[in-house]
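S.K.: Dropping the structure in here first, questions after.
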Amino acid sequence: MTTVTFFMEEDRIYSFEVRGHSGYAEAGADIVCAAVSSAVNLVNATVNDVLGLAASVKVTEDEVSFRLPGGLSETDEATCQNLLAGMMVYLTDLHWEYPEFVQVVVDEPDDEEDEG
């Protein structure tokens, strides 16, 4: 299964990670993997190549991590948030269509402070 985790602070998505292989079909014929990869590549290309914002991207055999840079202008921040929110909606829809093969997780820090 592919798990996509979006990391958030309040209403801001600042990072995501994609882990695992969907297992829908063999490599080269896996439409779920292709859909996830395409969404990740679109966001990466838009943020880094089109907007020139130098987001951090790390790729291994079965994991991709993406993190927005700090200090974005108001316009760039709004553009990135729209892109990432759109990706989240798209992948959530993909999860509902292929629930055994892709999972979407939203990781928000707890508001409560640790005691002791």
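The values are calculated or read from the model by the stated rules, or taken from the named source; none is laboratory data. Computed from a predicted model, the values in this text were never measured in an experiment. So basically every Cβ, Gly included, is an ideal-geometry build from the backbone, and we count neighbours across all protein chains shown. Only protein heavy atoms, including side chains, enter the accessible area calculation; ligands, DNA and RNA are left aside. Shrake-Rupley method; radii C 1.70, N 1.55, O 1.52, S 1.80 Å.
S.K.: For residue 66, work out the one condition from (1) surrounded by 13 or more Cβ atoms within 10 Å (Cβ to Cβ); (2) more than 18 Å from the chain's Cα centre (by Cα); (3) among the hydrophobic types (A, V, I, L, M, F, W, C) it doesn't fulfil.
M.R.: All conditions are met except number (2).
S.K.: Here is a check on your reading of the model: is residue 94 part of a loop (DSSP other than H, G, I, E, B) and in contact with a helix residue (DSSP H, G or I) (Cβ under 8 Å, 6 or more places away or on another chain)? Explain how you work it out, then say what you get.
M.R.: Working: part of a loop (DSSP other than H, G, I, E, B): no; in contact with a helix residue (DSSP H, G or I) (Cβ under 8 Å, 6 or more places away or on another chain): yes.
No: the conditions fail for residue 94.
S.K.: Looking at (1) open to solvent by 60 Å² or more (accessible area, probe 1.4 Å); (2) in contact with a helix residue (DSSP H, G or I) (Cβ under 6 Å, 6 or more places away or on another chain), which is the one condition that is false for residue 43?
M.R.: Here residue 43 clears every test but (1).
S.K.: Then there is this: In segment 91-99, is there at least one residue being of a type in the set (Phe, Trp, Tyr), modelled with pLDDT of 95 or more and farther than 17 Å from residue 6 by Cβ? Let's see the steps before the verdict.
M.R.: Quick first cut of segment 91-99, residues of a type in the set (Phe, Trp, Tyr) only: 96, 98.
Checking which are modelled with pLDDT of 95 or more leaves us with 96, 98.
Still in the running and farther than 17 Å from residue 6 by Cβ: 98.
Yes: one or more hits.
S.K.: Please name all residue pairs, on different chains or six or more residues apart, with Cβ atoms under 6 Å, provided the first residue is in segment 15-44 and is within 17 Å of residue 80 (Cα to Cα) and the second residue is small (Gly, Ala, Ser) and open to solvent by less than 90 Å² (accessible area, probe 1.4 Å).
M.R.: That search, which allows pairs on different chains as well, returns 17/65.
S.K.: To continue, here is another question. Open to solvent by 60 Å² or more (accessible area, probe 1.4 Å) and of a type in the set (D, E, K, R): which single residue out of 9, 17, 77 fits that description? Before the answer, list the steps.
M.R.: Numbers: 17 fails: open to solvent by 60 Å² or more (accessible area, probe 1.4 Å); 77 fails: open to solvent by 60 Å² or more (accessible area, probe 1.4 Å).
Going through 9, 17, 77 in turn, just one is open to solvent by 60 Å² or more (accessible area, probe 1.4 Å) and of a type in the set (D, E, K, R): 9.
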